[in-house]
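The values are calculated or read from the model by the stated rules, or taken from the named source; none is laboratory data. As the structure is a computational prediction, the values presented were derived from the model and not from experiment. Glycine gets a Cβ as well: all are built from the backbone with ideal geometry, and neighbour counts include every protein chain shown.
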Amino acid sequence: MTHAVIELRNVTKTYTMGEVTVHALRGIDLTIHRGGFVAIMGPSGSGKSTTMNMIGCLDRPSSGVYLLEGEDVTHMSKSELAGVRNRRLGFIFQGFHLLQRATALASVELPMLYAGVPDAERRERALQAMRLVGLAGREHHRPNQLSGGQQQRVAIARSLVNEPSLLLADEPTGNLDSRTSLEVMAILQRLHRERAITIVMVTHEPDIAAFAQRIIRFKDGVIVADESVAKPAQADLLLAREGGATA
Amino acid sequence: MNLRSSILLALSGLQANKMRSLLTMLGIIIGVGAVIVMIALGQGARAQVAEQIASLGSNLLVVNPGAPGGSVRGAAGQITTLTWDDAKAIAELPLALQVAPELSTNVTANSGVTNWATSAIGTTPELQVIKNWPVQFGSFFSADEVNAAAPVAVLGQTVAENLFGSGVDPVGQTIRLNNLTVQVIGVLSPKGLTNTGSDQDNVVYIPLRTAQVRLTGATHVRTINVQAASAEVMEILQAQITDLLNQRHRIVPPAQPDFNVRNLTTVAETAEATTNTLTALLASVAAVSLMVGGIGIMNIMLVTVTERTREIGIRMAVGATPGAILGQFLVEAVVLSLLGGVIGVVVGLAGSWLISVTAGWRVVVSPSAILLATGFAGAVGVFFGYYPARKASDLDPIDALRYE
């Protein structure tokens with residue numbers, strides 16, 4: 001078989017704050033295969049966010065090795081890491097992280113701008129991504145004209161436009177009500193199902209983690225549990241049961 | 001990310017804070033405007049000086065009596081060693097194009113109605129050619145009138161105005177210079193002040209022999225003006241004249257010559273160097289204000305980078321390289337300074353025009369000054385924009401994303 005999408009080998013991370021040294025990660029070994037939908041759980045300070053940043057190439061391990069699709073990214077330069085984030089990773093954040101002054105369409109186009117995609121193609125792909133997340137007709141709205149759920153969908157569209165192999169979601173439903181959370185999870189599950197995209201999601205809500213195929217639990221900088229979910233919950237079914245699917 | 005979208009992005013960033021952008025640009029606007037006005041004033045002064053020097057006559061050598069920088073010098077006119085024959089001998093030199101001796105004396109000119117104190121200068125028709133000085137009325141006297149010691153006079157503009165009123169053609173009238181009655185045969189066009197401030201139009205020209213025989217009784221000449229064939233041969237001609245007069249005056253070095261030959265081009269070059277220095281000085285003072293404007297840009301760009309830390313984080317998360325972030329903020333600073341530069345050019349042009357209209361000073365706005373000032377503004381943008389842009393690109397993506 002091909003390489004695992006993510007392979008962490010004995011990864012540690014220590015922060016030095018003045019005279020105090022914080023061991024955020026104390027040796028993580030983790031392999032995530034292509035097409036997986038993994039939820040990472042754990043209390044705050046457990047190392048789950050640090051791991052997420054590491055996987056997202058936003059941060060580098062203090063020691064150990066991180067192979068992304070078989071390629072060692074541990075010693076890449078800042079520019080090279082930016083290129084990896086741009087083309088191979090998609091990010092979804094709790095706070096949506098949209099540019100306040102940009103229209104939805106401009107936000108979705110942003111990663112392609114840095115990838116050097118020509119104007120016409122950029123526009124076409126952005127519109128396509130927005131249709132995929134059900135936001136056709138909202139292209140020229142700014143974040144303050146969109147609901148939380150819509151903003152998160154813009155963020156999902158943005159994460160998809162460069163066709164990454166890995167989608168990283170950091171508390172994607174943290175700022176959303178339960179119904180909107182279901183809608184967002186339905187989109188993620190559909191992407192996972194239809195596009196065979198690998199998804200890693202950090203959450204502290206068991207309901208949300210239940211949509212993943214595998215749940216990894218962190219505590220005090222180490223992995224304390226790693227279990228497969230036999231029968232993940234289906235967000236679109238739940239929505240249908242509540243009546244009126246939108247996703 | 002290409003340059004066009006970078007510039008559009010920068011413009012939208014500046015538009016989001018219109019008032020702040022305008023105030024930031026103000027420093028550059030004032031700086032560029034000041035540079036342009038100062039250079040315009042300096043070049044105006046320079047043009048004026050050049051014009052005054054040209055009015056003295058081009059490629060002009062002036063022979064005066066008395067040793068060059070000599071320790072014993074009589075009052076002007078008291079040394080009587082230069083003669084008309086010296087002038088005629090100089091005229092034989094192939095490199096001497098025109099030669100005009102002068103003998104001046106102070107006179108009271110009387111038109112029968114009014115008096116006017118002026119100087120009467122006896123000379124030859126070549127003087128008019130050397131000074132490139134056209135007549136307004138009548139004509140200059142001829143060589144024949146010089147040889148005949150004719151009692152005729154050509155008036156400078158100031159004299160004509162004071163004796164006969166401005167715009168009146170006095171040709172054919174008679175005036176008295178001290179006790180000599182002469183007929184006015186011409187009036188010279190106005191020439192203005194010399195760079196030392198004396199009025200070149202306050203003069204009456206009469207034939208040299210008339211001055212010598214009928215007015216002063218002198219046999220010498222006060223000055224000999226020599227126009228060289230070209231600017232290149234002036235130094236050669238200067239040496240030739242010195243040799244010739246040494247010979248004629250029987251002066252054997254190391255004895256001091258009893259005359260000196262001055263090159264007016266040197267004077268012109270000195271005057272030009274002075275105005276150039278002045279222009280450079282004024283422009284550099286203005287450039288300082290441009291630098292201050294640049295510091296203003298740096299200050300605001302630092303604030304902007306801090307304010308937009310989260311935006312930077314978002315851009316980095318979706319794949320902006322540090323270089324792209326650096327470029328974005330650098331372009332923004334340069335757009336800010338160039339925009340200010342363009343407005344500053346308009347302000348500078350308006351200011352120059354206003355000064356020329358209200359103060360009546362000569363201003364010369366050159367395209368090179370505009371290019372220089374705008375280019376300098378752009379350079380200021382790059383220089384002072386680099387540090388804030390560098391700071392932005394050095395941000396850690398995680399810290400930037402978490403920044404509130």
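Considering the conditions (1) in contact with a Gly (Cβ under 7 Å, 6 or more places away or on another chain); (2) within 14 Å of chain A (Cβ to nearest Cβ); (3) aliphatic (A, V, I, L, M), B:Leu330 is excluded by exactly one of them, (2).
Filtered by the rule that a residue be farther than 17 Å from A:Ala233 by Cα and touching a Phe, Trp or Tyr at 6+ places or on another chain (Cβ under 6 Å), region A:170-201 gives a lone residue, A:Asp170. Quick check on region B:322-353: of everything there that is among the polar types (S, T, N, Q) and farther than 30 Å from A:Arg85 by Cβ, which residue is surrounded by the most Cβ atoms within 10 Å (Cβ to Cβ)? This residue is B:Ser337. For region A:191-224, a residue qualifies if it is assigned to a helix (DSSP H, G or I) and more than 11 Å from A:Met41 (Cβ to Cβ), and the qualifying residues are A:Leu191, A:His192, A:Arg193, A:Glu194, A:Arg195, A:Asp207.
Scanning region B:272-320 for residues that are in a helix (DSSP H, G or I) and within 14 Å of chain A (Cβ to nearest Cβ) turns up B:Thr304, B:Glu307, B:Thr309, B:Arg310, B:Glu311, B:Ile312, B:Gly313, B:Ile314, B:Arg315, B:Met316, B:Ala317.
Highlighted here would be helices (runs of 4 or more DSSP H) found entirely within region A:71-164 that include at least 1 residues which are buried (at least 17 other Cβ atoms within 10 Å of the Cβ), among the polar types (S, T, N, Q) and in contact with a Cys (Cβ under 7 Å, 6 or more places away or on another chain), but there are none. If the condition is being surrounded by fewer than 16 Cβ atoms within 10 Å (Cβ to Cβ) and within 22 Å of B:Ser58 (Cβ to Cβ), then region B:245-275 contributes B:Arg262, B:Thr266, B:Val267, B:Glu269, B:Thr270, B:Glu272, B:Ala273, B:Thr274. Scanning region B:169-226 for residues that are within 13 Å of B:Val159 (Cα to Cα), in contact with a strand residue (DSSP E or B) (Cβ under 6 Å, 6 or more places away or on another chain) and of a type in the set (Lys, Arg) yields a count of 1. The residues in region A:167-182 that are charged (D, E, K, R) and assigned to a helix (DSSP H, G or I) can be counted, and the count is 1. Restricting region B:386-398 to residues that are outside any loop (DSSP other than H, G, I, E, B) and either facing chain A (nearest Cβ under 10 Å) or touching a Lys or Arg at 6+ places or on another chain (Cβ under 7 Å) (or both) leaves a set whose member that is nearest to B:Phe329 (Cα to Cα) is B:Ser393. Taking residues in region B:385-400 that are surrounded by fewer than 21 Cβ atoms within 10 Å (Cβ to Cβ), and partners anywhere that are in a helix (DSSP H, G or I), the pairs with Cβ atoms closer than 6 Å and at least 6 places apart or on different chains are B:Lys391/B:Val305; B:Leu395/B:Ile312; B:Ile398/A:Asn53.
Where strands (runs of 3 or more DSSP E) fall entirely within region B:124-198, those with at least 2 residues that are farther than 18 Å from B:Thr114 by Cα are at B:135-138, B:180-188. Summed over region A:88-107, the residues that are facing chain B (nearest Cβ under 7 Å) and within 13 Å of B:Gly319 (Cβ to Cβ) give a count of 1. Which residue is farthest from the other protein chains (Cβ to nearest Cβ), if the candidates are limited to region A:108-126 and must be closer than 23 Å to A:Arg85 by Cβ and aliphatic (A, V, I, L, M)? My answer is A:Ala126.
With the structure loaded, tell me whether A:Arg26 is modelled with pLDDT under 90 and either facing chain B (nearest Cβ under 9 Å) or more than 23 Å from A:Glu205 (Cα to Cα) (or both) or whether it fails that test. Against the criterion (modelled with pLDDT under 90 and either facing chain B (nearest Cβ under 9 Å) or more than 23 Å from A:Glu205 (Cα to Cα) (or both)), A:Arg26 does not qualify.
Any residue at all in region A:180-193 that is acidic (Asp, Glu) and under 18 Å from A:His33 (Cα atoms)? No - not one qualifying residue is present in region A:180-193. Taking the criterion of being in contact (Cβ under 8 Å) with a residue 40 or more places away in the chain, within 13 Å of another protein chain (Cβ to nearest Cβ) and outside any helix (DSSP H, G or I), the residues of region A:42-64 that qualify are A:Gly56, A:Asp59. Could you list, in sequence order, the residues of region A:225-243 that are outside any helix (DSSP H, G or I) and either in contact (Cβ under 8 Å) with a residue 60 or more places away in the chain or not β-branched (Val, Ile, Thr) (or both)? Residues satisfying the conditions are A:Ala225, A:Asp226, A:Glu227, A:Ser228, A:Ala230, A:Lys231, A:Pro232, A:Ala233, A:Gln234, A:Gly243.
Considering only residues in region A:1-21 that are among the hydrophobic types (A, V, I, L, M, F, W, C) and assigned to a loop (DSSP other than H, G, I, E, B), the one that is modelled with the lowest pLDDT turns out to be A:Met1.
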